[in-house]
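None of the figures in this text is laboratory data; all of them are computed from the coordinates on show. Small disclaimer: the values here were computed from a predicted structure and weren't measured. Heads up, the Cβs are rebuilt from the backbone with ideal geometry, glycines too, and the neighbour counts pull from every protein chain shown.
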Amino acid sequence: MSELYHVIESQQFTLELLDELYEMADELDPERSYKFLNDKTFFLLFYEPSTRTRVSFQMAMHKLGGSSFMTENAFKFSSVAKGESLEDTIRYYCGMFDLIVLRHPDNNSSQDAVSVATKPIINGGSGSHQHPTQALLDLYTIRCEIGRQDNLDVVMIGDPKYSRTIRSLCYLLSKYPGNHITFLSPDSLKMGQDIKEHLTKHQISFDEFSFLNHEVLSKADVIYVTRIQTDRVPEDADRQHTIDNLLADAEPFILKPEHLDWFKKDSIIMHPMPIQKGQNRELQIDPETDERCVWIEQANDYGLRARMALLLKILNG
Ligand code: NCD
């Protein structure tokens, strides 16, 4: 049995721990309510918007019998607005709760929190850096839908530059032999050098193309789509211009119903959500029209099971 305390970045998961968590997730039934964490409490400290991560953590805790408390928009609705540091906020919450889930725009926020924490910290999204629990549920979705975590052809479309979910999933996929990753994005949103070096070091082959490559997509087991993260574009005088350019660059990567004919019968289409609304909607396929669309199950059932397993492992050993 592996130990688990803080969850900071997806590299930290060992194969043994992933197997243990996924076996727990298989056994847990989100339709049921358990009493495993009856006397436990956790705090969701969110400095950035969230729908699925927040609700799925709250629901996971509720299903296990524990209680959750939270601050949404912590920059505005907590003492941070009065100048309190992240470290002081963490010190306080550690005195009150058994675990803290932190979402923060700084890439190093989780490490900063851990440096003063006396209770487990779960990174619920750190800037454009990492989102390890999303990767955990993404890989769980792949395992349940495709039946394996190795020898996969995974295509990641959209925004590898700013997407923390793509980055964290690359780290997990690099733990298994035979996986091949292809990034399809405009040149302006290419994957960072650090991830490419990590993949090379772990003998995971990868390609990148700046067009929606038919040949690549017709071989893919997993098609993982992300929105263009315009919210990550730095504040400066040219911001709106930069955003307009990124959205224009990304237009040729929009997935439409006619692309469904390109994909293998046993492939799956995933998305960490949210999907952009309006004319820039990066995934224009209706999930009810094709059973290869799994992004609703990814967020709901698979997400809940994976997070229930994670909380149980940290708080119950
Ligand atoms: C993602 C995130 O916050 O990084 N959402 C999520 O947690 N499921 C993806 C995104 O914001 O595009």
### Task
For region 8-83, compute Rh as the Kirkwood radius over C-alpha pairs and then the Stokes-Einstein diffusion coefficient at 25 °C and 0.890 mPa s; write the answer in µm²/s, rounded to an integer.
169
### Message
With +1 on the Cβ of every Lys and Arg and -1 on the Cβ of every Asp and Glu, and nothing else charged, how large is the dipole of the chain about its Cα centre, in debye rounded to the nearest 20?
### Response
680
### Summary
Taking max minus min of the Cα coordinates of region 133-298 on each principal axis, largest first, gives extents in Å of 48, 39, 30
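Quick check on the chain: what are the equivalent-ellipsoid semi-axes from the Cα gyration tensor, as sqrt(5λ), descending, whole Å? The partial results should precede the final answer.
Values: eigenvalues 193, 114, 64 Å².
Three semi-axes, in Å: 31, 24, 18.
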### Task
Any lysines with Cα under 16 Å of the LYS219 Cα? List them, leaving off those in the same chain fewer than 8 positions away.
LYS264, LYS265
### Task
Enumerate by residue number the chymotrypsin sites (Phe, Trp or Tyr not before Pro) in region 1-43 meeting two conditions: DSSP loop (anything except H, G, I, E, B), and at most 16 other Cβ atoms within 10 Å of the site's Cβ.
TYR5, TYR34, PHE36
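In the structure displayed, which of LYS190/LYS256; LYS40/LYS161; LYS190/LYS313; LYS201/LYS277 lie more than 26 Å apart, Cα to Cα?
Working: LYS190/LYS256 22 Å; LYS40/LYS161 37 Å; LYS190/LYS313 35 Å; LYS201/LYS277 38 Å.
Too far apart for the 26 Å limit: LYS40/LYS161; LYS190/LYS313; LYS201/LYS277.
Determine the dipole magnitude for region 184-276: charges of +1 sit on the beta-carbon of Lys and Arg, -1 on that of Asp and Glu, nothing else is charged, the reference point is the Cα centre, and the result goes in debye to the nearest 20. Please list the in-between numbers first.
Details: 10 positive and 17 negative charges, 75 e Å.
The calculation lands at about 360 debye.
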### Query
Which lysines, on any chain, are close to LYS82 with Cα under 27 Å apart, when same-chain ones fewer than 8 places away are left out?
LYS119
## Note on the structure
Length gained if GLU208 through LYS82 is fully extended, taking 0.36 nm per residue and subtracting the Cα-Cα distance, is 40.8 nm
#### Entry: In Hz, Karplus ³J(HN,Hα) per residue of region 245-260 (6.51, -1.76, 1.60; θ = phi - 60°; x = Gly, Pro)
5, 4, 5, 5, 4, 7, 4, x, 9, 5, 8, 10, x, 5, 6, 4
#### Entry: Within straight-line cross-link reach of LYS63, aspartates and glutamates at Cα separation under 20 Å, skipping those fewer than 8 residues along the same chain
GLU20, GLU23, ASP26, GLU27, ASP29, GLU31, ASP39, ASP98, GLU297, ASP301
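Could you tell me the convex hull volume per residue, in Å³, taken over the Cα atoms of region 44-187?
Convex hull of Cα atoms, per residue: 130 Å³.
For a Förster distance of 41 Å, can you work out the FRET efficiency between the beta-carbons of ILE243 and LYS35, rounded to the nearest 0.05? Could you put the intermediate results ahead of the total?
Numbers: r = 48 Å, r/R0 = 1.17.
The formula returns an efficiency of 0.30 here.
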### Message
I need to check one value: relative contact order of the chain, counting alpha carbon pairs closer than 8 Å and at least 6 residues apart, in percent.
### Response
20
### Task
Please list the non-local residues whose amide H lies under 5 Å from the amide H of GLU208, H modeled 1.01 Å from N, same-chain partners needing a gap of 5 or more.
PHE183
### Message
Through the Karplus equation 6.51 cos²θ - 1.76 cosθ + 1.60, θ set to phi - 60°, convert the phi angles of region 188-197 into ³J(HN,Hα) values in whole Hz; use x for Gly and Pro.
### Response
5, 10, 5, 4, x, 5, 4, 5, 4, 5
### Exposed GluC sites (Glu not before Pro) absent: longest stretch of the chain, with sites in DSSP loops and at most 11 other Cβ within 10 Å deemed exposed
32-234
